[in-house]
Amino acid sequence: MKNILVGIDFSKGSLHALEYAINLANITASDVILVWVDKQTEPDPNHVFAELDGYKDEASQSIAEIMGEWAPKLKSGKIHYKIRKGKVYSEITIQAKLSKSSFIITGTHERTDFNEFSVGDDAFRIVTSAPCPVITIHPNYKSLSNFSRILLPIDTNSFTMQKVPLVVELAGLLGSDIHILGLNGTGLVSLQKKVDDNVCKVEQLLKQHKISSTTEIIKNMNITQTILSYADKIEAGLISIMTEQEPSQSSIMMGPQAQHIISMSEVPVLSIQPLK
């Protein structure tokens, strides 16, 4: 891995994401890049210009303090920072592309009774527009060094297998076990055969790479709850999903489903965009 990019806005969620990134970087010998985005609009002419620049100085000082605290905790790689101006999701994804980042790690917002599925507009837009995989971290997630078990849902969608090579590589680096969860939300026998075939291919690949794995096949219409419940059952440290955006009758990991998993999961979620 080359580097792990973390969006910083000095909130609890972003600092939580940074801690997770440091733990991941220490295992994978990666650098960490902090990105703070100045999203302020054009200055109000009624204010004094010196006051307008005050928040920039404060942000720079805060970044310096964060660097000072976390740089000594990075064992092999180095920690860098970038300051960009514009829309948060756009600038983070641009920087990830320029830096050829292996992952983006971003914090999510806490859900409220008013918006059960909110992860924050910026977090979701980063997930859907990023040039690399994105790991989203819930602000209350406590096991920030738990990489022992990765949950790998496998369904009938042709894109579902695209996430497997990355998950296998990641499991090899982290020393993780992979828990394969075969899913059929339709109950149709013909689609169950597709699930079984996909699961078999994954099992063979893991055996070739000598990665420990377990498999469970579940037929349940409520796919989101099935995945989240199973992640809780095995105490997963990561859930891997695809972020397909176009609906399909045979797919169970489409845009809305992926969004719900990211929003509702207490466990970090690795989101990978499919190649068309």
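The values are calculated or read from the model by the stated rules, or taken from the named source; none is laboratory data. Everything numeric here is computed off the predicted structure, so don't read it as measured data. Positions of Cβ are backbone-derived with ideal geometry, glycine not excepted, and every protein chain shown enters the neighbour counts. SASA here: full protein model, heavy atoms, side chains in, ligands and nucleic acids out. Shrake-Rupley method; radii C 1.70, N 1.55, O 1.52, S 1.80 Å.
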Antiparallel versus total DSSP beta bridges in the range 145-241: what percent is that, nearest 5? 0
Once the cut-off is 29 Å, how many percent of the Cα-Cα pairs in the chain end up in the long-distance tail? 34
So the carbon and sulfur contribution to the accessible area of the range 119-238, 1.4 Å probe, in percent, is 50
Ranked by GNM mean-square fluctuation in the chain (Cα springs under 10 Å), the top entry among Lys142, Lys233, Lys100 is Lys233
Give me the count of lysine pairs in the range 120-259 whose alpha carbons sit under 22 angstrom apart, restricted to pairs 8 or more positions apart or on different chains. 15
Roughly how many Å² is the accessible area per residue of the chain, as a whole number, for a 1.4 Å probe? 50
With every protein chain kept in the model, how would you rank Met264, Met221 by accessible area, 1.4 Å probe, largest at the top? Met221, Met264
Can you give me the distance in nm between label points at Gln162 and Leu98, each placed 7 Å from the Cα along the Cα-to-Cβ direction? 2.7
Considering amide H positions built from the backbone, and no H for Pro or chain starts, which residues 5 or more places from Asp38, or on another chain, come under 5 Å of its amide H? Arg84, Lys85, Gly86
Per-residue ellipticity at 222 nm attributable to helices in the chain (runs of n ≥ 4 DSSP H, -39500 (n - 2.57) apiece, nearest 500 deg cm²/dmol) works out to -12500 deg cm²/dmol
Excluding residues fewer than 8 places away in the same chain, name every one of the lysines whose C-alpha is closer than 25 Å to that of Lys56. Lys12, Lys39, Lys78, Lys82, Lys85, Lys87, Lys97
Give me the distance in nm between label points sitting 7 Å out from Cα along the Cα-to-Cβ direction at Glu169 and Gln61, one decimal. 4.2
